[in-house]
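The values are calculated or read from the model by the stated rules, or taken from the named source; none is laboratory data. Keep in mind that what you see is a predicted model, and the values were worked out from it rather than measured. All Cβ positions, even for glycine, are placed from backbone atoms using ideal geometry, and neighbour counts span all protein chains on display. Heads up: the accessible areas ignore ligands, DNA and RNA and are worked out on the full protein's heavy atoms, side chains in. Shrake-Rupley method; radii C 1.70, N 1.55, O 1.52, S 1.80 Å.
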Amino acid sequence: MNITKRSVADKIAAYLQHQMTLDQLVDWAEDALMDGQFEEREASALADVTSRLGVADVRAFGLTWDDCENLLRKLGFSARVEVVSS
């Protein structure tokens, strides 16, 4: 599995958009840390963000909106909210 800034940002976005659960995000992050190959130029930032996602299911860590914004910022992305009628 090749891990890039875009692939990690896409996983965070999927979580924020309720397309994946916290448990699924944590499982993906744990798998990425064990089996993934981080893009060499960005390995440090990718490992840092992915490690943080991997412990998000631990009560002491959790994963808030602010956490997601900060993690995305480390990857060079930002989050935007769109409110639409249902």
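Within region 39-86, the only residue that satisfies the criterion of being among the acidic types (D, E) and touching a strand residue (DSSP E or B) at 6+ places or on another chain (Cβ under 8 Å) is E39. Against the condition without any contact (Cβ under 8 Å) to a residue 40 or more places away in the chain, on the phi > 0 side of the Ramachandran plot and among the small types (G, A, S), how does G62 come out, does it pass? Yes. Just so you know, in region 55-86 the residues that are at pLDDT 95 or above and open to solvent by less than 30 Å² (accessible area, probe 1.4 Å) include one that is nearest to N2 (Cα to Cα), and it is L75.
Note on region 17-54: among residues that are in contact (Cβ under 8 Å) with a residue 24 or more places away in the chain and among the β-branched types (V, I, T), the one that is surrounded by the most Cβ atoms within 10 Å (Cβ to Cβ) is V49.
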